[in-house]
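Below is one structure; the comments refer to it alone.
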């Protein structure tokens, strides 16, 4: 268990949890290591992974929750909230990174639909699409996205205004950017793309998928 979050592997074999403390970012990295017994089936062509990165574990949890229930409305007076925090510790997959006071969850892969799916999902948690407003946040998000299999990650930011100025949802200009060389280009919304650089993205594309993180702010 880390910061109130319990990792629940969905396989029956025993596992070893190895953690390493990063003094620079002030987080604990947990590697879930599967110790699978030797197989007696010589015709078994499945490849057993020796390790799962944090992203795999978190996305598995997000998919399980998405298939099991609808988002829950949150009672901020309930004891599940950390003292002085708006971050629930036991529902909807929310986790609290204390160093940045970041309360966030992962949400499953879906075709790109910022207004109809992504933002509505975050609102259903009484939250909003993740905003990256500092280099520290960018570095932390890069860390937890390491090993992802979906390239596009939706983040908060749009240019749907008369001057096509990039702002957060509350209308304030982006306080931090990590644009890929040549961007911003055409596209009304914001995403993390290859090499964790930012690019613009159209708000709706059924032929492209992305993932996203929601956050709850004080």
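Figures for the structure shown
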item: The one condition in (1) closer than 13 Å to residue 156 by Cα; (2) modelled with pLDDT under 95 that residue 126 fails to fulfil; result: (1)
item: Filtered residue count, the range 74-98, keeping only those that are farther than 15 Å from residue 215 by Cα and either at pLDDT 90 or above or in a strand (DSSP E or B) (or both); result: 0
item: So residue 146, is it out of contact with any strand residue (DSSP E or B) (no Cβ under 9 Å at 6 or more places or on another chain), under 26 Å from residue 93 (Cβ atoms) and touching a residue at least 60 places away in the same chain (Cβ under 8 Å); result: yes
item: Residue 140 being at pLDDT 95 or above, touching a strand residue (DSSP E or B) at 6+ places or on another chain (Cβ under 7 Å) and surrounded by fewer than 15 Cβ atoms within 10 Å (Cβ to Cβ); result: no
item: Positions within the range 120-137 being touching a helix residue (DSSP H, G or I) at 6+ places or on another chain (Cβ under 9 Å), under 17 Å from residue 107 (Cβ atoms) and surrounded by fewer than 19 Cβ atoms within 10 Å (Cβ to Cβ), in sequence order; result: 128
item: Single match in 163, 171, 187 (criterion: in contact with a strand residue (DSSP E or B) (Cβ under 7 Å, 6 or more places away or on another chain) and surrounded by fewer than 17 Cβ atoms within 10 Å (Cβ to Cβ)); result: 187
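Matching residues to (1) within 21 Å of residue 103 (Cα to Cα); (2) out of contact with any helix residue (DSSP H, G or I) (no Cβ under 7 Å at 6 or more places or on another chain); (3) loosely packed, with under 12 Cβ neighbours inside 10 Å:
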position	(1), (2), (3)
175	yes, yes, yes
195	no, yes, yes
199	no, yes, no
213	yes, yes, no
218	yes, yes, yes
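The values are calculated or read from the model by the stated rules, or taken from the named source; none is laboratory data. Here the structure is a predicted model, which is why all the values come from computation and not from measurement. Please note: Cβ atoms are built from the backbone with ideal geometry, for glycine as well, and neighbour counts cover all protein chains shown.
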